[in-house]
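Novice: Sending over a structure as structure tokens; questions will come in a sec.
The values are calculated or read from the model by the stated rules, or taken from the named source; none is laboratory data. Values in this document were obtained by computation on a predicted structure and should not be read as measured data. Note: ideal-geometry Cβ built from the backbone for every residue, glycine included; neighbour counts use all protein chains shown. Protein only, heavy atoms only, side chains kept; ligands, DNA and RNA dropped before computing areas. Shrake-Rupley method; radii C 1.70, N 1.55, O 1.52, S 1.80 Å.
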Amino acid sequence: MSGISTPRPGRARRLASSVWLPWTCGLLALLTIAGTVLAAGGRFERGITVPTAVLDGQQAVTTGAAQHVRRALRAAELDLAQLAEGLTLGSEPAKFDSQVKHFNKRYGRYRSVYVLDAQRRVLAHAGAAAHPDQVPERPANAGNSEAVRIDKVPVVVQYAPFSYGNNDRAIAVAEYDLAKLRNAFDAVQPATAWVVDTKGEVLASTAGFTAFQPLAREELRRAARTDKPVVSMGDGSADAREIVAAAPIGGGKYPGPSWSMVTARSVNTVLLPETRARDQALLLAQVLVVVTLGLFGWLYVMWLRPLRRLVRDAERVADGDLRGVVEVRRYDELGLVARALERMRAGLAAEAATRAAHDRRVPAAVSRKVP
């Protein structure tokens, strides 16, 4: 009885199957939940509609962003005109330099600021290299060029002619870096915005872009040519659906350049009844997954693993291996079973030891009686 235990692979397999059966059922339950949520989500998306109020709101946001850009360009022209007015009061070109440098430092939106004389020589300069070739020969009034590429960057060259000294003529020039227009896009978040010229080429954007490249998608290019917002279907998937709107940047008292503001916002970011229902279903599914995993983890740690250890101890005692002590680690029902099993093992071990001692004494007594 106190010998080596005999392995019982069939019993071990039955034990393993009984332990993993709840886990298998749990995984199937999770797959069922996931499939239900996906089916419900697909049903929500197939029936999704964007109300007219949402489209109008996106159009209003786009129009507002276009106005911000128009005001930013107009403010830059007025600032340059103010610089030219200040330079008019001077009589020596040598004093222009400090004014130009102060102007460029005060306004950080310019790539370069400089002053040209009647012979197109640079009288004062601040910032990056000057490009006199982008300025008209003898402009009569202040103005600006269309967007041009300077050092691979879209730039608007603004200019303001002025007189100084003995009616000498000069031009104050500022190269406006269109990347600075990002500050005018704050109102469109979380939508993505692009500023495009009359050819539909990108001049600025809240996302990464290549200067003077066409808009990436046909629905964006089509929206840039109209004044009505549309819902883009993209590749047909739910995540690719967007609300696309466009608005001209020029207009009003300040015509400005003939550019357009294009915005695109994912339908998923709009709190529509369908998306709210989908989000609630996804949240419920996530909560169910977390709760289910927590329950199964608790079941395994608190019950399945201790029960499996207790079954192994019972199998060992039943096979006659009474050497190892059955550890009692708990004070609940499993602990009571472990204590009862340990008492039984100890009793069987004591009985086996008594029997073994008796068996040793009987042959010795018999041998002493034999003459």
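Novice: Residue by residue through the stretch 167-185, note down the ones that are without any contact (Cβ under 8 Å) to a residue 40 or more places away in the chain and farther than 20 Å from Thr210 by Cβ.
Specialist: Result: Asn167, single match.
Novice: For the stretch 49-74, give me each residue that is open to solvent by 50 Å² or more (accessible area, probe 1.4 Å), among the small types (Gly, Ala, Ser) and over 30 Å from Asn144 (Cα atoms).
Specialist: Ala53
Novice: Still on this structure: Of Ala179, Ala172, Ala129, which residue is under 29 Å from Met261 (Cα atoms), surrounded by fewer than 19 Cβ atoms within 10 Å (Cβ to Cβ) and among the aliphatic types (A, V, I, L, M)?
Specialist: Ala179
Novice: Would you mind stating whether Leu80 is modelled with pLDDT under 90, in contact with a strand residue (DSSP E or B) (Cβ under 7 Å, 6 or more places away or on another chain), surrounded by 15 or more Cβ atoms within 10 Å (Cβ to Cβ) and of a type in the set (A, V, I, L, M)?
Specialist: Judged against the criteria, Leu80 is not a match.
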